[in-house]
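Laboratory data are not the source of any read-out in this text; all were calculated from the coordinates shown. Since we're looking at a predicted model, the values are computed, not measured. Glycine also receives a Cβ, built like all others from the backbone with ideal geometry; neighbour counts cover every protein chain displayed.
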């Protein structure tokens, strides 16, 4: 709490007992669970007999409301029928929430941060605080476990920083070293200026178009370095044949090729902007804008910076190229081009036949094993395993909403019985529809005919009649009223309130074994929709794969049309065949390696 990072830190439960008693007494008609309500309506004699037994049973448990305030025991039934959420119990002495597991006693501490997981600074600050807390706990022989989306966000930021350092930093060092070794002039390092300008153009374009830039864009956009530095290399490479080399004449000789490269690369990147995956749209915008910035810098700025530079490149790159050409000639003497092409096609076909698709966003997320292990351990200790799926219930009014939740509840109870679902939380577990409250009121009016056993054990008839009068006078409780009491704390997040066409609420789930079963539960229930964010993202991934492939093929057609102008149809097809074969080889390699797409 002293760190200032948390809005609320709670390790003890300070129950407001008077408020609990008040809510139980006022909700005796509305909060009675379905089984107790059915017993009261259909078997009032059994209901009374059970109450008599409870009054004389010393092991019946503690009731928040004394018997003289609730002779019929409705509050006790409501209290004892509250859904059990996990293995966490209240320690009466300390007020702490504790759980016993693995031969240890665990204390549950809940903290709510001042920000969220999308705050760029907060996740790292919380992770650092947790690291120091673990070290302090270890010195006192105490084990500390933690689970939070903030920790995954911090891990993602740290991983992205590492990848940017290795990918971007490694590429930068390699390119600068290659420039120095090949051209042997310090000023040739200015060829990296278009790369910096391109990255700046890409970042500005993302902020201008989307208002922000995702960390994934930075990581994947690092590949732009190798493409952007290719522009100045086009006319720097003329120094091997152009004697003496001057920047502006070299630029004029390579400008058509540079411009054509910008157009074709821009078409390829912009094609991804129309995929259904927003991250690819941002990456496409970043890359296209970055290429434009690098091109403008290489054409307009860099030649002026390199004016007067006398390039005398090293000869070893020429020797390497000559060696590679000799190897190519030797290979073609041993195997003709049609044979090599047939072998390449066989390799591609064999790999593509083994290629499988796995549209799961989790394969993109490399979460540290420690975080996932701790999350599983906490779920096992507490017995609380929330899922990413939930049901969204819509209705015209609150009564219809609760009725639809009741219909769904019957099906979810079947899944629990089959051990396919651990539990769920729904508003109808807190409050019943108004028509069911009226049924309880009518059943209570008939109860005097059956409460003789209570009179026989000494309960005054006047007390029973007075209690019945109070019960009949209780107003109907709606969702908003029920959510004001202390028992409603776990239910408040489920209530979404009024909408344009009525009201809406959620049903949260725990311990789901088979997500496919959920969709079947709400198929024919009006107003019931399964919200599966993970499944939706996976579907977006699948649609993105198909859409990206279609758009890439369309971009290839457009590139061919562009290349026809300078090279003719045959030349354009030969040029486009190279990247297409390279893409097929990449996919085939994934298939041969057993890696999913």
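For a test of the definition: using alpha carbon positions, the gyration tensor, and the 1.5 limit on a/c, classify the range 111-171 as rounded, prolate or oblate. Can you show the working numbers first?
Values: a/c = 3.27, a/b = 1.64, b/c = 2.00.
Oblate.
How many percent of Cα pairs in the range 223-324 exceed 16 Å?
62
Report, in cubic angstrom per residue, the convex hull volume of the C-alpha atoms of the range 154-239.
Numbers: hull volume 7.2 nm³, N = 86.
Once divided by residue count, the hull of the range 154-239 is 84 Å³.
Tell me the Rg and the Dmax, in Å, that the Cα atoms of the range 314-404 produce.
30.0, 85
Relative to the first principal axis of the alpha-carbon coordinates of the chain, what is the inclination of helix 17-26, with its axis defined by its Cα atoms, in degrees from 0 to 90 and to the nearest 10?
Roughly 70 degrees, rounded to the nearest 10.
If packing is taken as the average number of other Cβ atoms within 10 Å across a peptide's residues, how do 431-438, 101-108 rank, most packed first?
431-438, 101-108
Exposure proxy check: 358, 238, 420 ranked by fewest other beta carbons within 10 Å?
Listing 358, 238, 420 from fewest to most nearby Cβ atoms yields 358, 420, 238.
Taking 0.36 nm per residue of separation and subtracting the Cα-Cα distance, what length does fully extending residue 554 through residue 539 add? Could you put the intermediate results ahead of the total?
Details: separation 15, 0.36 × 15 = 5.40 nm, distance 2.24 nm.
Using 0.36 nm per residue and subtracting the Cα-Cα distance, I get 3.2 nm.
Take the alpha-carbon centre of the range 506-558, take the same for the range 427-494, and report the distance between them in whole Å.
43
How would you rank 520-530, 225-235, 569-579, highest first, on the average number of other Cβ atoms within 10 Å across their residues? Please report the intermediate quantities before stating the final value.
On the way: 520-530: 14.9, 225-235: 22.0, 569-579: 12.8.
Packing order, densest peptide first, comes out as 225-235, 520-530, 569-579.
Return the FRET efficiency for the residue pair residue 336, residue 380: r is the Cβ-Cβ distance, R0 is 41 Å, and the value is rounded to the nearest 0.05. Mind dumping the intermediate values first?
Values: r = 64 Å, r/R0 = 1.56.
The computed FRET efficiency comes out at 0.05.
So how much slack lies between residue 372 and residue 142, counting 0.36 nm per residue of separation and subtracting their Cα-Cα distance, in nm?
On the way: separation 230, 0.36 × 230 = 82.80 nm, distance 2.02 nm.
Roughly 80.8 nm would be gained on extension.
Give or take rounding to whole Å, what are the principal axis extents of the alpha carbon atoms in the range 461-570, in descending order?
Reported extents, whole Å, longest axis first: 105, 33, 27.
For the range 264-419, calculate the relative contact order in percent as a whole number, restricting contacts to Cα pairs under 8 Å that are 6 or more residues apart. Don't skip to the end; give the middle numbers.
Numbers: 29 pairs, mean separation 12.3, N = 156.
The normalised contact order for the range 264-419 reaches 8 percent.
With everything on Cα atoms, drop me the angle between helix 44-55 and the longest principal axis of the chain, reported from 0 to 90° to the nearest 10.
The two axes meet at around 90 degrees.
Find how much the distance from residue 481 to residue 406 grows on full extension, using 0.36 nm per residue of separation minus their present alpha carbon separation; answer in nm with one decimal.
Additional length available on full extension: 25.1 nm.
Quick check: from the Cα gyration tensor, does the chain come out rounded (a/c under 1.5), prolate or oblate?
Taking the square roots of the gyration eigenvalues as a ≥ b ≥ c, the chain is prolate.
Packing-wise, with mean Cβ within 10 Å as the measure, how do 382-388, 402-408 rank, highest first? Display every interim value, and only then the final one.
Values: 382-388: 16.6, 402-408: 21.0.
Highest mean packing first, the order is 402-408, 382-388.
Taking every pair of alpha-carbon atoms in the range 174-361, what share in percent sits in each 10 Å bin, from 0 to the bin with the longest distance?
Using 10 Å bins, I get a P(r) of 9, 26, 26, 25, 13, 1 for the range 174-361.
Please compute the contact order of the chain in relative form: average sequence separation of alpha-carbon pairs under 8 Å and at least six residues apart, divided by the residue count, as a percent. Intermediate values should be presented prior to the final figure.
On the way: 708 pairs, mean separation 123.2, N = 597.
Rounded, it is 21 percent for the chain.
If contacts are Cα pairs under 8 angstrom and at least 6 residues apart, what is the relative contact order of the range 174-361 in percent? Mind dumping the intermediate values first?
Working: 182 pairs, mean separation 62.2, N = 188.
Computed value for the range 174-361: 33 percent relative contact order.
Work out the FRET efficiency for residue 472 and residue 356 from their Cβ-Cβ distance, taking R0 = 56 Å, and round it to the nearest 0.05.
Details: r = 66 Å, r/R0 = 1.18.
E between residue 472 and residue 356, to the nearest 0.05, is 0.25.
Compute the angle between helix 316-334 and the longest alpha-carbon principal axis of the chain, please, reported from 0 to 90 degrees and rounded to the nearest 10.
Tilt relative to the chain: about 90 degrees.
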